[in-house]
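In what follows, a single structure is set out as structure tokens and then discussed.
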Amino acid sequence: MGGAVQWLEAGASGVARVTLSNPGKLNAIDIGMWRELRALFKRLQSLNADAAPRAVIVCGAGGQFASGGDIVEFANFRFDEEALHDFHENTVAPALQSLLDCDIPMLAQIDGACIGGGLEIAACCDIRVCGESSRFGAPIAKLGFPMAPGELERLSKVFAATVLREMLLEARLFHAHEALRVGAVHAVVADADVASTTLQRAERIAALSPQAARINKRTLRQIAAGGPTATERRAHFGYADSAEHREGIAAFIDKRPPRFQRA
Amino acid sequence: MGGAVQWLEAGASGVARVTLSNPGKLNAIDIGMWRELRALFKRLQSLNADAAPRAVIVCGAGGQFASGGDIVEFANFRFDEEALHDFHENTVAPALQSLLDCDIPMLAQIDGACIGGGLEIAACCDIRVCGESSRFGAPIAKLGFPMAPGELERLSKVFAATVLREMLLEARLFHAHEALRVGAVHAVVADADVASTTLQRAERIAALSPQAARINKRTLRQIAAGGPTATERRAHFGYADSAEHREGIAAFIDKRPPRFQRA
Amino acid sequence: MGGAVQWLEAGASGVARVTLSNPGKLNAIDIGMWRELRALFKRLQSLNADAAPRAVIVCGAGGQFASGGDIVEFANFRFDEEALHDFHENTVAPALQSLLDCDIPMLAQIDGACIGGGLEIAACCDIRVCGESSRFGAPIAKLGFPMAPGELERLSKVFAATVLREMLLEARLFHAHEALRVGAVHAVVADADVASTTLQRAERIAALSPQAARINKRTLRQIAAGGPTATERRAHFGYADSAEHREGIAAFIDKRPPRFQRA
């Protein structure tokens with residue numbers, strides 16, 4: 001039947017949830033799931049700020065994040081150059097891009113395996129929390145193929161090139177504390193605490209200024225693309241007279257917590 | 001009254017000192033201080049190599065490095081787009097740039113809080129030494145505003161983008177050992193030893209070839225700007241017949257310490 | 001007489017070995033050795049994939065990796081601008097470039113000192129394994145000279161700019177665990193185990209798909225150069241119908257180890 005991308009609308013806290021699910025296959029990301037991810041994050045980015053969640057947790061069903069592609073689909077397209085190109089460039093790459101283009105803060109709740117396509121999705125999130133037994137990698141050199149350029153470019157924003165060489169050339173899986181040492185995850189907690197820690201961090205983000213978060217994510221994207229243009233630098237300061245800016249400064253002066261309320 | 005940037009001329013060792021001071025405000029950097037910093041480091045860079053200090057320590061008065069902007073000034077300009085743009089692009093950015101354009105080695109002696117504008121100044125130094133109780137961050141999402149593009153670009157030379165996402169989206173303060181783990185500081189020492197350790201490292205630098213330091217800083221700036229041009233690569237080797245180069249090689253061959261004396 | 005670059009052809013495992021040797025000088029890299037390295041790696045890259053080794057270990061003779069340039073040669077060229085430029089840009093830079101342009105996986109087996117030119121060579125390898133007593137640095141500020149632009153650019157792919165400032169401005173040597181903390185080496189092992197650990201990792205790489213390794217190294221080089229062009233992205237997928245790709249996928253489906261045999 002194939003896997004699915006499940007969506008849970010944000011409640012009062014403003015934290016929504018995306019669940020990768022492909023039972024019995026460690027949530028391998030199949031073609032349908034890549035398409036669902038693309039549509040979902042495009043929709044999220046198109047939402048009015050008031051209607052949008054303030055943070056999105058991306059997780060996997062059944063105690064695993066996600067592991068690679070769906071191998072049963074491989075015979076259908078991997079050995080044909082056109083079809084292979086189409087899969088990586090027109091299915092996977094645009095899905096990852098839709099996550100990167102979404103200015104809502106995203107947290108990866110990483111239980112268990114975070115491999116291949118799962119690793120690529122986690123690398124598009126802003127915050128990565130994993131458990132002691134989590135494993136990271138893309139051991140595709142065992143499968144006789146290299147990583148597609150667009151996917152490797154994405155990983156190179158989260159892993160240093162020195163680490164990617166080790167990961168790909170040795171087909172090496174990294175343990176949680178190795179991932180922390182090389183800066184690829186933000187926190188390692190007990191396996192039982194991954195969900196609660198991620199939720200806590202998401203709620204913390206959701207209580208802060210959504211406007212600040214959106215603009216910060218946009219600026220970081222501009223920097224990654226070579227630095228903001230003069231026009232972008234000028235446009236940046238459009239927030240000057242906004243309600244959130246006034247509330248944040250007022251709360252600080254009044255020595256009270258700010259209230260960045262949803263409309 | 002406002003804060004001040006205090007300057008202590010280099011003595012025999014060649015180590016000068018800049019002290020950020022804004023009593024009762026954790027040395028918050030006000031507009032006057034940003035202007036003083038800009039003028040100071042422009043002057044330092046314009047000095048003849050013989051007259052220039054060989055290393056500059058940047059520190060804060062009263063056991064704190066520096067913490068953010070001066071909130072009492074905020075109401076004057078933050079809610080007006082023109083004035084806000086002018087503050088970030090024409091006051092803060094050129095001050096930071098004057099530090100970056102100065103080829104004298106700079107060390108940040110980080111006692112206590114290193115927040116917001118203070119963090120930005122520290123990020124323009126070459127070496128950062130902090131104490132066990134130091135804290136790093138820019139929790140402006142609580143104040144309802146994002147980081148200005150030029151300032152975020154500067155921080156992204158010292159903090160990985162993955163770390164900046166955590167710092168800004170969560171308004172998170174980093175402890176000293178977290179700052180060390182992510183590579184943002186070079187050493188964490190006991191609070192009581194921050195000043196002496198920084199001075200020791202400054203004196204070590206001051207005893208080495210000032211010419212080598214200046215050219216290395218210039219080359220690193222060229223690399224950060226996309227790599228030295230062909231002309232810059234050619235000009236690099238102008239040091240070939242210099243006294244410092246001859247002294248360094250001679251001392252090595254003679255198995256004695258080099259003497260890179262001031263004129 | 002000068003040093004030499006020794007070459008040991010790959011045996012059945014597919015792992016070849018390059019040994020830097022300059023007895024009594026900690027394997028200092030002299031001009032002849034830079035030229036040999038350039039010729040050697042150009043030859044390796046030109047080999048047909050079937051004839052090429054699957055991994056190359058770079059090591060030093062006599063329990064040291066390599067330490068700087070050969071000081072007795074320095075008086076011949078360092079104080080003449082033309083000759084100095086020629087040495088760095090036409091001797092050292094092309095040698096390092098020939099390592100970078102070679103798509104065979106390379107591992108640095110780092111015993112003891114890894115300094116100056118030795119550090120630059122190690123930085124061109126994909127994997128760096130060192131011993132507890134290994135030391136890393138380029139303390140040339142003691143010798144009165146800066147690092148050449150091309151060499152500093154190379155190091156900046158392996159060491160963060162923050163670390164290079166510390167290394168160069170302080171003429172600081174890094175211990176093995178500091179090198180690990182800053183991500184410059186992939187593993188620190190007991191001194192007695194450096195050779196065996198490096199060999200083990202080389203053999204692991206040699207048993208994986210050579211095609212995947214070559215393409216991954218090429219893509220990482222394209223990313224470092226600003227990202228693959230549209231033509232390069234398209235050409236990437238030429239491996240679709242290859243024997244190694246088919247074998248890797250087939251082995252995975254059959255739940256058996258893949259056999260990427262040499263012709």
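The values are calculated or read from the model by the stated rules, or taken from the named source; none is laboratory data. No experiment lies behind these values; they were computed from the predicted model shown. Cβ: placed from backbone, ideal geometry, glycine included. Neighbour counts: every protein chain shown.
Let's see how each residue does on (1) under 30 Å from B:Gly144 (Cβ atoms); (2) free of Cβ contacts under 8 Å to residues at least 60 places away in the same chain; (3) in contact with a helix residue (DSSP H, G or I) (Cβ under 7 Å, 6 or more places away or on another chain):
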{"position": "B:Gly2", "(1), (2), (3)": "yes, no, yes"}
{"position": "B:Glu9", "(1), (2), (3)": "no, yes, no"}
{"position": "B:Ile29", "(1), (2), (3)": "yes, no, yes"}
{"position": "B:Arg54", "(1), (2), (3)": "no, no, yes"}
{"position": "B:Cys59", "(1), (2), (3)": "no, no, no"}
{"position": "B:Val72", "(1), (2), (3)": "yes, yes, no"}
{"position": "B:Arg78", "(1), (2), (3)": "yes, no, yes"}
Consider C:Lys25 carefully, then state whether it is in the same structural domain as C:Leu199 (by TED's automatic domain parsing), part of a loop (DSSP other than H, G, I, E, B) and touching a residue at least 40 places away in the same chain (Cβ under 8 Å). yes
What do you reckon, is C:Arg234 at the interface with another protein chain (Cβ under 10 Å from one of its Cβ atoms) and over 30 Å from C:Asp111 (Cβ atoms)? yes
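If you scan the range C:64-90, which residues turn out to be hydrophobic (A, V, I, L, M, F, W, C), facing chain B (nearest Cβ under 7 Å) and surrounded by fewer than 22 Cβ atoms within 10 Å (Cβ to Cβ)? Full working, then the answer.
Step one: of the range C:64-90, the residues hydrophobic (A, V, I, L, M, F, W, C) are C:65-66, C:71-72, C:74-75, C:77, C:79, C:83-84, C:87.
After this cut, where a residue has to be facing chain B (nearest Cβ under 7 Å) as well, the list is C:71, C:74, C:79, C:84.
Answer for the range C:64-90, where residues must be hydrophobic (A, V, I, L, M, F, W, C), facing chain B (nearest Cβ under 7 Å) and surrounded by fewer than 22 Cβ atoms within 10 Å (Cβ to Cβ): C:Ile71, C:Phe74, C:Phe79.
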Helices (runs of 4 or more DSSP H) completely within the range A:148-237 that count 3 or more residues being in contact (Cβ under 8 Å) with a residue 12 or more places away in the chain and touching a helix residue (DSSP H, G or I) at 6+ places or on another chain (Cβ under 8 Å): A:149-155, A:161-169, A:210-224
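Using the structure shown, decide if B:Gly248 is out of contact with any Cys (no Cβ under 7 Å at 6 or more places or on another chain), part of a helix (DSSP H, G or I) and either more than 22 Å from C:Leu155 (Cβ to Cβ) or among the small types (Gly, Ala, Ser) (or both).
Answer is yes for this residue.
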Residue identified as within 19 Å of the chain's Cα centre (by Cα), at pLDDT 95 or above, more than 30 Å from C:Ile205 (Cα to Cα) and surrounded by fewer than 22 Cβ atoms within 10 Å (Cβ to Cβ) among A:Arg214, A:Arg201: A:Arg214
Just one listed residue, out of C:Ala195, C:Ala207, is under 17 Å from C:Leu107 (Cβ atoms), in contact with a Cys (Cβ under 8 Å, 6 or more places away or on another chain), more than 7 Å from chain A (Cβ to nearest Cβ) and surrounded by fewer than 23 Cβ atoms within 10 Å (Cβ to Cβ), and it is C:Ala195
Let me spell it out: the conditions are (1) under 27 Å from A:Ala93 (Cβ atoms); (2) within 27 Å of the chain's Cα centre (by Cα); (3) more than 8 Å from chain A (Cβ to nearest Cβ), and C:Ala243 meets all of them except one. Which number is the exception? (2)
Which one of the conditions (1) in contact (Cβ under 8 Å) with a residue 40 or more places away in the chain; (2) surrounded by fewer than 20 Cβ atoms within 10 Å (Cβ to Cβ) does C:Gly117 fail to meet, given that it meets all the rest? (2)
Take the residues in the range A:222-231 that are facing chain B (nearest Cβ under 7 Å) and more than 21 Å from the chain's Cα centre (by Cα); name whichever of them is nearest to B:Gly144 (Cα to Cα). A:Pro228
Looking at B:Gly62, B:Gly24, B:Gly3, B:Gly68, which one is under 23 Å from B:Glu203 (Cα atoms) and of a type outside the set (A, V, I, L, M, F, W, C)? B:Gly62
With closer than 19 Å to A:Gln64 by Cα, facing another protein chain (nearest Cβ under 7 Å) and either buried (at least 16 other Cβ atoms within 10 Å of the Cβ) or touching a strand residue (DSSP E or B) at 6+ places or on another chain (Cβ under 9 Å) (or both) as the only criterion, which of A:His186, A:His177 stands out? A:His186
Name the pairs whose Cβ atoms lie under 8 Å apart, with the first residue in the range A:248-261 and more than 7 Å from chain B (Cβ to nearest Cβ), the second loosely packed, with under 13 Cβ neighbours inside 10 Å, and 6 or more positions between them or separate chains? A:Ala251/A:Pro257; A:Ala251/A:Arg259
In this structure, is A:Thr219 more than 9 Å from chain B (Cβ to nearest Cβ), within 26 Å of A:Ala122 (Cβ to Cβ) and surrounded by 15 or more Cβ atoms within 10 Å (Cβ to Cβ)? no
Given the options C:Glu166, C:Glu153, name the one that is surrounded by 21 or more Cβ atoms within 10 Å (Cβ to Cβ) and within 7 Å of chain B (Cβ to nearest Cβ). C:Glu166
Need the failing condition index for A:Ser209 against (1) within 16 Å of the chain's Cα centre (by Cα); (2) at pLDDT 95 or above, just the number. (1)
